[in-house]
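The values are calculated or read from the model by the stated rules, or taken from the named source; none is laboratory data. Quick caveat: nothing in here was measured; it's all calculated off a predicted structure. Don't worry about glycine lacking a Cβ; one is built from the backbone with ideal geometry, like all the others, and counts go over all protein chains shown.
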Amino acid sequence: MIQRPHIQFIINRVEEKRRFIQVLFGPRQVGKTTTVSQVTKAVNMPFYSISADAVPASDQGWLAGQWEIARLMMTQNESEEFLLVIDEIQKIDNWSETVKLLWDNDTKENRNIKVILLGSSRLLIQQGLTESLAGRFETIYMGHWSFTEMEEAFGWNEKQYAWFGGYPGSAELIGDELRWKDYVSNSLIETSISKDILMLTRVDKPALMKRLFELGCIYSGQILSYTKIMGQLLDAGNTTTLSHYLNLLDTAGLLGGIEKFSKDVIRKRSSSPKFMVHNTALISAQRNELFGEITLQPEKWGRIVESAVGAHLLNRSFSSGYHVFYWRSGNDEVDFVLEKRGKVIGIEVKSGNNNHPKGTTAFNKQISPDKIIMVGKDGLPWEDFLKIDPIVLFK
(Lines give C-alpha, C1' and ligand atoms only; values in the text may rest on other atoms or scores of the structure.)
Protein backbone atom coordinates (compact mmCIF):
# COMPACT_ATOMS: atom_id res chain seq x y z
CA MET A 1 0.00 0.00 0.00
CA ILE A 2 1.39 3.38 -1.02
CA GLN A 3 2.03 5.87 1.76
CA ARG A 4 1.53 9.57 1.19
CA PRO A 5 4.47 11.79 2.18
CA HIS A 6 2.62 13.11 5.25
CA ILE A 7 2.51 9.82 7.12
CA GLN A 8 6.03 9.80 8.57
CA PHE A 9 5.65 13.35 9.85
CA ILE A 10 2.44 12.40 11.66
CA ILE A 11 4.03 9.26 13.13
CA ASN A 12 6.91 11.35 14.46
CA ARG A 13 4.47 13.78 16.05
CA VAL A 14 2.49 10.98 17.71
CA GLU A 15 5.66 9.43 19.12
CA GLU A 16 6.78 12.66 20.72
CA LYS A 17 6.05 12.94 24.43
CA ARG A 18 4.25 16.27 24.30
CA ARG A 19 0.56 16.60 23.50
CA PHE A 20 -0.72 18.03 20.23
CA ILE A 21 -3.74 18.71 18.08
CA GLN A 22 -2.92 17.69 14.51
CA VAL A 23 -5.45 18.86 11.94
CA LEU A 24 -5.43 16.97 8.64
CA PHE A 25 -7.66 18.43 5.93
CA GLY A 26 -8.18 18.32 2.19
CA PRO A 27 -10.65 17.25 -0.52
CA ARG A 28 -12.62 14.03 -0.38
CA GLN A 29 -11.08 10.76 -1.58
CA VAL A 30 -7.42 11.80 -1.24
CA GLY A 31 -6.49 9.34 1.51
CA LYS A 32 -6.83 11.25 4.78
CA THR A 33 -8.59 8.42 6.63
CA THR A 34 -6.29 5.79 5.14
CA THR A 35 -3.22 7.78 6.17
CA VAL A 36 -4.36 8.01 9.79
CA SER A 37 -5.22 4.30 9.76
CA GLN A 38 -1.64 3.61 8.70
CA VAL A 39 -0.43 5.84 11.53
CA THR A 40 -2.43 4.03 14.21
CA LYS A 41 -1.03 0.70 12.99
CA ALA A 42 2.53 2.00 13.01
CA VAL A 43 2.62 3.47 16.53
CA ASN A 44 2.50 1.51 19.78
CA MET A 45 -0.24 3.46 21.50
CA PRO A 46 -3.89 2.81 22.41
CA PHE A 47 -6.30 4.86 20.31
CA TYR A 48 -9.94 5.58 19.65
CA SER A 49 -11.14 6.53 16.17
CA ILE A 50 -14.61 7.81 15.27
CA SER A 51 -16.28 9.71 12.41
CA ALA A 52 -18.83 12.52 12.69
CA ASP A 53 -20.03 11.96 9.11
CA ALA A 54 -23.52 10.74 10.08
CA VAL A 55 -23.93 12.81 13.25
CA PRO A 56 -26.53 15.64 13.21
CA ALA A 57 -24.75 18.99 13.34
CA SER A 58 -27.09 20.07 16.12
CA ASP A 59 -25.95 17.25 18.44
CA GLN A 60 -23.92 19.45 20.77
CA GLY A 61 -23.08 16.62 23.16
CA TRP A 62 -21.67 14.13 20.65
CA LEU A 63 -18.13 15.46 20.59
CA ALA A 64 -17.83 15.73 24.37
CA GLY A 65 -19.21 12.20 24.68
CA GLN A 66 -16.61 10.78 22.27
CA TRP A 67 -13.84 12.60 24.10
CA GLU A 68 -15.06 11.09 27.40
CA ILE A 69 -14.91 7.62 25.84
CA ALA A 70 -11.25 8.27 24.97
CA ARG A 71 -10.58 9.31 28.57
CA LEU A 72 -12.22 6.14 29.92
CA MET A 73 -10.28 3.95 27.48
CA MET A 74 -7.04 5.64 28.52
CA THR A 75 -7.82 4.92 32.17
CA GLN A 76 -8.83 1.33 31.41
CA ASN A 77 -5.57 0.74 29.52
CA GLU A 78 -3.60 2.38 32.34
CA SER A 79 -1.77 4.22 29.61
CA GLU A 80 0.32 7.35 30.07
CA GLU A 81 -0.71 8.59 26.61
CA PHE A 82 -3.63 8.05 24.27
CA LEU A 83 -4.52 8.95 20.68
CA LEU A 84 -7.98 10.27 19.77
CA VAL A 85 -8.91 10.47 16.06
CA ILE A 86 -12.07 12.29 14.92
CA ASP A 87 -12.96 12.28 11.21
CA GLU A 88 -15.24 14.82 9.44
CA ILE A 89 -14.92 17.17 12.41
CA GLN A 90 -16.39 20.11 10.48
CA LYS A 91 -19.82 18.41 10.57
CA ILE A 92 -20.23 19.38 14.24
CA ASP A 93 -21.49 22.87 15.05
CA ASN A 94 -19.02 24.93 17.10
CA TRP A 95 -16.58 22.04 17.03
CA SER A 96 -13.54 24.22 17.63
CA GLU A 97 -14.97 25.77 20.79
CA THR A 98 -15.80 22.33 22.18
CA VAL A 99 -12.33 20.98 21.32
CA LYS A 100 -10.73 23.99 23.03
CA LEU A 101 -12.76 23.40 26.21
CA LEU A 102 -11.98 19.67 26.33
CA TRP A 103 -8.32 20.18 25.45
CA ASP A 104 -7.83 22.81 28.14
CA ASN A 105 -9.54 20.57 30.68
CA ASP A 106 -7.11 17.75 29.85
CA THR A 107 -4.25 20.21 30.25
CA LYS A 108 -5.43 21.10 33.77
CA GLU A 109 -5.81 17.43 34.65
CA ASN A 110 -2.38 16.59 33.17
CA ARG A 111 -4.07 14.05 30.89
CA ASN A 112 -1.90 13.19 27.86
CA ILE A 113 -4.49 12.71 25.12
CA LYS A 114 -3.13 13.47 21.65
CA VAL A 115 -5.67 14.48 19.04
CA ILE A 116 -5.88 14.10 15.27
CA LEU A 117 -8.78 15.88 13.58
CA LEU A 118 -9.70 15.21 9.94
CA GLY A 119 -11.91 17.34 7.72
CA SER A 120 -12.82 17.80 4.08
CA SER A 121 -13.99 21.42 4.22
CA ARG A 122 -10.97 23.71 4.12
CA LEU A 123 -13.13 26.79 4.74
CA LEU A 124 -14.84 25.51 7.90
CA ILE A 125 -11.69 23.91 9.27
CA GLN A 126 -9.64 27.09 8.90
CA GLN A 127 -12.42 29.24 10.36
CA GLY A 128 -12.63 27.03 13.43
CA LEU A 129 -8.89 26.98 13.96
CA THR A 130 -8.57 30.73 13.66
CA GLU A 131 -11.50 31.49 15.94
CA SER A 132 -10.89 29.11 18.83
CA LEU A 133 -7.71 27.05 18.70
CA ALA A 134 -4.96 29.60 18.16
CA GLY A 135 -1.64 28.27 19.47
CA ARG A 136 -2.98 24.77 20.09
CA PHE A 137 -2.72 23.06 16.72
CA GLU A 138 -0.65 22.19 13.63
CA THR A 139 -2.16 21.65 10.20
CA ILE A 140 -1.38 19.40 7.24
CA TYR A 141 -3.10 19.94 3.92
CA MET A 142 -3.53 16.77 1.85
CA GLY A 143 -4.26 17.66 -1.76
CA HIS A 144 -5.16 15.55 -4.75
CA TRP A 145 -2.70 12.84 -5.71
CA SER A 146 0.25 13.90 -7.83
CA PHE A 147 1.34 12.20 -11.03
CA THR A 148 4.27 10.59 -9.21
CA GLU A 149 1.92 9.03 -6.67
CA MET A 150 -0.49 7.72 -9.29
CA GLU A 151 2.41 6.39 -11.33
CA GLU A 152 3.87 4.54 -8.34
CA ALA A 153 0.53 3.19 -7.13
CA PHE A 154 -1.15 2.27 -10.43
CA GLY A 155 1.52 2.39 -13.12
CA TRP A 156 -0.13 5.28 -14.96
CA ASN A 157 1.67 7.23 -17.66
CA GLU A 158 1.54 11.02 -18.04
CA LYS A 159 -1.35 11.09 -20.51
CA GLN A 160 -3.47 8.85 -18.31
CA TYR A 161 -2.85 11.16 -15.37
CA ALA A 162 -3.66 14.30 -17.36
CA TRP A 163 -7.03 12.80 -18.35
CA PHE A 164 -8.06 10.66 -15.39
CA GLY A 165 -6.59 12.92 -12.70
CA GLY A 166 -5.58 12.14 -9.14
CA TYR A 167 -8.43 10.23 -7.47
CA PRO A 168 -6.95 6.90 -6.31
CA GLY A 169 -10.36 5.39 -5.52
CA SER A 170 -11.40 5.60 -9.17
CA ALA A 171 -8.18 4.24 -10.66
CA GLU A 172 -9.32 0.65 -11.04
CA LEU A 173 -12.33 1.76 -13.11
CA ILE A 174 -10.53 3.42 -16.03
CA GLY A 175 -10.75 0.23 -18.10
CA ASP A 176 -14.49 0.90 -18.30
CA GLU A 177 -14.45 4.63 -18.91
CA LEU A 178 -18.21 5.18 -18.87
CA ARG A 179 -18.36 3.53 -15.47
CA TRP A 180 -15.42 5.71 -14.36
CA LYS A 181 -17.21 8.87 -15.51
CA ASP A 182 -20.31 7.85 -13.60
CA TYR A 183 -18.31 7.16 -10.43
CA VAL A 184 -16.50 10.51 -10.52
CA SER A 185 -19.70 12.42 -11.27
CA ASN A 186 -21.90 10.79 -8.62
CA SER A 187 -19.57 9.55 -5.89
CA LEU A 188 -17.03 12.37 -5.96
CA ILE A 189 -18.45 15.55 -7.52
CA GLU A 190 -22.02 15.26 -6.27
CA THR A 191 -20.93 14.09 -2.81
CA SER A 192 -18.39 16.89 -2.43
CA ILE A 193 -20.91 19.56 -3.41
CA SER A 194 -23.79 18.19 -1.35
CA LYS A 195 -21.88 17.19 1.81
CA ASP A 196 -19.00 19.65 1.92
CA ILE A 197 -20.81 22.75 0.71
CA LEU A 198 -24.61 22.57 0.68
CA MET A 199 -24.99 20.77 4.03
CA LEU A 200 -22.49 22.99 5.83
CA THR A 201 -22.83 26.44 4.27
CA ARG A 202 -25.76 28.63 3.34
CA VAL A 203 -26.24 28.56 -0.43
CA ASP A 204 -29.37 30.34 -1.60
CA LYS A 205 -29.13 29.14 -5.19
CA PRO A 206 -27.63 25.61 -5.25
CA ALA A 207 -28.59 25.05 -8.89
CA LEU A 208 -26.67 28.19 -9.84
CA MET A 209 -23.59 27.03 -7.97
CA LYS A 210 -23.71 23.62 -9.66
CA ARG A 211 -24.04 25.27 -13.05
CA LEU A 212 -21.11 27.55 -12.24
CA PHE A 213 -19.05 24.46 -11.43
CA GLU A 214 -19.97 22.80 -14.72
CA LEU A 215 -19.14 25.98 -16.63
CA GLY A 216 -15.84 26.34 -14.79
CA CYS A 217 -14.82 22.82 -15.75
CA ILE A 218 -15.67 23.46 -19.40
CA TYR A 219 -13.55 26.62 -19.40
CA SER A 220 -10.76 25.39 -17.12
CA GLY A 221 -7.56 27.24 -18.01
CA GLN A 222 -9.45 30.19 -19.50
CA ILE A 223 -10.12 33.70 -18.23
CA LEU A 224 -13.74 34.85 -18.03
CA SER A 225 -15.16 37.99 -16.48
CA TYR A 226 -18.09 37.55 -14.13
CA THR A 227 -20.15 39.56 -16.61
CA LYS A 228 -19.46 36.98 -19.35
CA ILE A 229 -20.14 34.16 -16.90
CA MET A 230 -23.56 35.63 -16.08
CA GLY A 231 -24.32 35.73 -19.79
CA GLN A 232 -24.10 31.92 -19.90
CA LEU A 233 -26.17 31.25 -16.80
CA LEU A 234 -29.96 31.27 -16.73
CA ASP A 235 -30.19 32.40 -13.11
CA ALA A 236 -27.04 34.43 -12.73
CA GLY A 237 -27.60 36.34 -9.49
CA ASN A 238 -24.84 38.94 -9.28
CA THR A 239 -21.06 39.05 -9.42
CA THR A 240 -20.74 38.96 -5.62
CA THR A 241 -22.83 35.78 -5.46
CA LEU A 242 -20.81 34.10 -8.22
CA SER A 243 -17.52 35.06 -6.57
CA HIS A 244 -18.76 33.61 -3.26
CA TYR A 245 -19.86 30.36 -4.87
CA LEU A 246 -16.54 30.02 -6.69
CA ASN A 247 -14.75 30.46 -3.37
CA LEU A 248 -16.86 27.68 -1.82
CA LEU A 249 -16.03 25.36 -4.72
CA ASP A 250 -12.36 26.23 -4.26
CA THR A 251 -12.34 25.40 -0.55
CA ALA A 252 -13.94 22.03 -1.33
CA GLY A 253 -10.99 21.20 -3.62
CA LEU A 254 -13.08 21.29 -6.79
CA LEU A 255 -12.73 24.51 -8.80
CA GLY A 256 -10.63 27.62 -8.22
CA GLY A 257 -10.66 31.10 -9.68
CA ILE A 258 -7.06 32.23 -10.16
CA GLU A 259 -6.61 36.00 -9.88
CA LYS A 260 -4.63 38.26 -12.19
CA PHE A 261 -1.13 39.05 -10.96
CA SER A 262 -0.50 42.65 -10.05
CA LYS A 263 1.72 44.38 -7.55
CA ASP A 264 -1.44 46.22 -6.49
CA VAL A 265 -3.43 43.98 -4.09
CA ILE A 266 -6.71 45.78 -4.81
CA ARG A 267 -6.36 45.18 -8.54
CA LYS A 268 -5.70 41.49 -7.91
CA ARG A 269 -8.97 41.08 -6.05
CA SER A 270 -11.02 42.86 -8.69
CA SER A 271 -9.67 40.87 -11.64
CA SER A 272 -11.55 38.46 -13.87
CA PRO A 273 -10.88 34.89 -12.65
CA LYS A 274 -9.07 32.21 -14.58
CA PHE A 275 -10.98 29.00 -13.97
CA MET A 276 -8.83 26.09 -12.82
CA VAL A 277 -9.93 22.66 -11.63
CA HIS A 278 -8.10 21.09 -8.71
CA ASN A 279 -8.21 17.70 -10.42
CA THR A 280 -8.52 17.08 -14.17
CA ALA A 281 -10.86 14.14 -13.53
CA LEU A 282 -13.49 16.82 -12.86
CA ILE A 283 -13.20 17.90 -16.50
CA SER A 284 -12.94 14.46 -18.09
CA ALA A 285 -15.91 12.98 -16.25
CA GLN A 286 -18.19 15.63 -17.73
CA ARG A 287 -16.92 15.57 -21.31
CA ASN A 288 -18.42 13.35 -24.02
CA GLU A 289 -15.03 12.32 -25.43
CA LEU A 290 -13.19 9.22 -24.23
CA PHE A 291 -9.47 9.05 -23.52
CA GLY A 292 -8.57 7.51 -26.86
CA GLU A 293 -10.53 10.20 -28.70
CA ILE A 294 -9.38 13.35 -26.87
CA THR A 295 -5.67 12.66 -27.37
CA LEU A 296 -6.23 12.76 -31.13
CA GLN A 297 -7.61 16.31 -30.98
CA PRO A 298 -4.60 18.62 -30.44
CA GLU A 299 -6.48 21.78 -29.44
CA LYS A 300 -8.75 20.08 -26.90
CA TRP A 301 -5.90 17.94 -25.60
CA GLY A 302 -3.78 21.05 -25.16
CA ARG A 303 -6.43 22.46 -22.83
CA ILE A 304 -6.32 19.26 -20.77
CA VAL A 305 -2.53 19.48 -20.51
CA GLU A 306 -2.66 23.13 -19.39
CA SER A 307 -5.26 22.24 -16.76
CA ALA A 308 -3.09 19.34 -15.55
CA VAL A 309 -0.18 21.75 -15.08
CA GLY A 310 -2.44 24.31 -13.39
CA ALA A 311 -3.97 21.73 -11.06
CA HIS A 312 -0.47 20.56 -10.13
CA LEU A 313 0.54 24.12 -9.23
CA LEU A 314 -2.70 24.85 -7.38
CA ASN A 315 -2.63 21.69 -5.26
CA ARG A 316 0.92 22.15 -4.07
CA SER A 317 0.38 25.84 -3.28
CA PHE A 318 -1.64 25.11 -0.13
CA SER A 319 1.09 23.05 1.52
CA SER A 320 4.08 24.95 0.09
CA GLY A 321 2.86 28.45 0.88
CA TYR A 322 3.14 30.11 -2.53
CA HIS A 323 0.35 31.90 -4.42
CA VAL A 324 -0.81 31.13 -7.97
CA PHE A 325 -1.90 33.88 -10.39
CA TYR A 326 -2.07 34.50 -14.13
CA TRP A 327 -0.82 37.62 -15.91
CA ARG A 328 -2.33 39.58 -18.77
CA SER A 329 -1.65 42.98 -20.29
CA GLY A 330 -3.58 43.77 -23.46
CA ASN A 331 -3.10 40.78 -25.75
CA ASP A 332 -0.05 39.53 -23.84
CA GLU A 333 -0.53 36.69 -21.39
CA VAL A 334 1.48 34.36 -19.18
CA ASP A 335 -0.41 31.26 -18.08
CA PHE A 336 0.69 31.09 -14.45
CA VAL A 337 2.59 33.30 -12.04
CA LEU A 338 3.89 31.94 -8.74
CA GLU A 339 4.67 34.34 -5.90
CA LYS A 340 6.22 33.69 -2.50
CA ARG A 341 7.71 36.29 -0.18
CA GLY A 342 8.16 38.75 -3.00
CA LYS A 343 9.81 36.26 -5.36
CA VAL A 344 7.98 35.98 -8.70
CA ILE A 345 8.14 33.13 -11.25
CA GLY A 346 6.33 33.10 -14.60
CA ILE A 347 5.26 29.77 -16.13
CA GLU A 348 4.18 29.57 -19.76
CA VAL A 349 2.59 26.34 -21.00
CA LYS A 350 2.98 25.68 -24.74
CA SER A 351 1.08 22.57 -25.68
CA GLY A 352 0.59 23.41 -29.35
CA ASN A 353 -2.64 25.39 -29.15
CA ASN A 354 -1.93 28.31 -26.85
CA ASN A 355 1.24 30.04 -27.96
CA HIS A 356 1.66 33.59 -26.68
CA PRO A 357 4.88 34.70 -28.43
CA LYS A 358 4.86 38.20 -26.97
CA GLY A 359 3.58 37.21 -23.52
CA THR A 360 6.81 36.31 -21.80
CA THR A 361 8.70 39.23 -23.36
CA ALA A 362 6.13 41.76 -22.15
CA PHE A 363 5.88 40.06 -18.75
CA ASN A 364 9.64 40.17 -18.33
CA LYS A 365 9.73 43.85 -19.26
CA GLN A 366 6.82 44.97 -17.06
CA ILE A 367 7.21 42.71 -14.02
CA SER A 368 10.93 41.77 -13.98
CA PRO A 369 10.30 38.29 -12.54
CA ASP A 370 13.00 36.24 -10.87
CA LYS A 371 12.66 33.61 -13.59
CA ILE A 372 10.40 32.39 -16.39
CA ILE A 373 9.84 28.67 -17.00
CA MET A 374 8.68 27.38 -20.38
CA VAL A 375 6.70 24.14 -20.15
CA GLY A 376 5.92 21.97 -23.17
CA LYS A 377 6.94 22.98 -26.69
CA ASP A 378 10.45 24.49 -26.79
CA GLY A 379 10.82 24.07 -23.02
CA LEU A 380 10.68 21.54 -20.21
CA PRO A 381 8.38 18.68 -21.29
CA TRP A 382 5.06 18.92 -19.47
CA GLU A 383 5.41 15.26 -18.56
CA ASP A 384 8.59 16.09 -16.61
CA PHE A 385 7.10 19.23 -15.06
CA LEU A 386 4.35 17.16 -13.41
CA LYS A 387 7.06 15.27 -11.51
CA ILE A 388 8.58 18.45 -10.05
CA ASP A 389 7.62 19.89 -6.68
CA PRO A 390 6.97 23.53 -7.67
CA ILE A 391 8.55 24.82 -4.47
CA VAL A 392 11.99 23.94 -5.89
CA LEU A 393 11.47 26.63 -8.53
CA PHE A 394 11.98 29.25 -5.83
CA LYS A 395 15.47 27.99 -4.97
* Would you pick out the residues in the range 371-390 that are in contact with a helix residue (DSSP H, G or I) (Cβ under 8 Å, 6 or more places away or on another chain) and of a type in the set (Val, Ile, Thr)? -> Ile372, Ile373, Val375
* To do: Sort through Gly253, Gly257 and tell me the only one that's assigned by TED's automatic domain parsing to the domain that holds Thr191 and either closer than 23 Å to Ile373 by Cα or over 17 Å from the mean Cα position of the chain (by Cα) (or both).
  => Gly257
* Which residue, of Asn279, Asn288, is free of Cβ contacts under 8 Å to residues at least 12 places away in the same chain and assigned by TED's automatic domain parsing to the domain that holds Ile345? -> Asn288
* Asked: What are the pairs, 6+ residues apart or on separate chains, where a residue within the range 72-97 that is over 22 Å from Lys41 (Cβ atoms) has its Cβ under 9 Å from a residue that is assigned to a helix (DSSP H, G or I) and of a type in the set (D, E, K, R)?
  -> Gln90/Asp196; Lys91/Lys195; Ser96/Glu131; Glu97/Glu131
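Okay, residues lined up against (1) touching a Cys at 6+ places or on another chain (Cβ under 8 Å); (2) at pLDDT 95 or above; (3) assigned to a helix (DSSP H, G or I):
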position: Met276; (1), (2), (3): no, yes, no
position: Asn279; (1), (2), (3): no, yes, no
position: Leu282; (1), (2), (3): yes, yes, yes
position: Ile304; (1), (2), (3): no, yes, yes
position: Ser319; (1), (2), (3): no, no, yes
* To do: Could you tell me which of the residues Ile197, Ile223 is outside the structural domain of Ile125 (by TED's automatic domain parsing), β-branched (Val, Ile, Thr), surrounded by 14 or more Cβ atoms within 10 Å (Cβ to Cβ) and in contact with a helix residue (DSSP H, G or I) (Cβ under 7 Å, 6 or more places away or on another chain)?
  => Ile197
* Answer yes if at least one residue in the range 279-300 is among the polar types (S, T, N, Q), buried (at least 24 other Cβ atoms within 10 Å of the Cβ) and out of contact with any Gly (no Cβ under 6 Å at 6 or more places or on another chain), and no otherwise. => yes
* Asked: If a residue has to be within 22 Å of Ser284 (Cα to Cα), touching a residue at least 24 places away in the same chain (Cβ under 8 Å) and out of contact with any Asp or Glu (no Cβ under 9 Å at 6 or more places or on another chain) to count, how many in the range 223-244 make the cut?
  -> 2
* When you look at Lys41, is it outside any helix (DSSP H, G or I), of a type in the set (Lys, Arg) and exposed (fewer than 13 other Cβ atoms within 10 Å of the Cβ), yes or no? -> no
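Let's see how each residue does on (1) more than 22 Å from Ser271 (Cα to Cα); (2) not β-branched (Val, Ile, Thr):
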position	(1), (2)
His312	yes, yes
Lys343	no, yes
Ala362	no, yes
Ile367	no, no
* Asked: Of the residues in the range 15-37, how many are assigned to a helix (DSSP H, G or I) and of a type in the set (Phe, Trp, Tyr)?
  -> 0
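Listed here are the residues, each with its yes/no results for (1) touching a strand residue (DSSP E or B) at 6+ places or on another chain (Cβ under 9 Å); (2) modelled with pLDDT of 95 or more; (3) of a type outside the set (A, V, I, L, M).
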position: Ala134; (1), (2), (3): no, no, no
position: Met142; (1), (2), (3): yes, no, no
position: Asn157; (1), (2), (3): no, yes, yes
position: Ala162; (1), (2), (3): no, yes, no
position: Glu177; (1), (2), (3): no, yes, yes
position: Thr191; (1), (2), (3): no, no, yes
position: Ile197; (1), (2), (3): no, no, no
position: Val203; (1), (2), (3): no, no, no
* Structure fact -> Considering residues that are over 30 Å from Lys100 (Cα atoms), of a type outside the set (A, V, I, L, M) and touching a residue at least 40 places away in the same chain (Cβ under 8 Å), the number found within the range 134-176 is 18
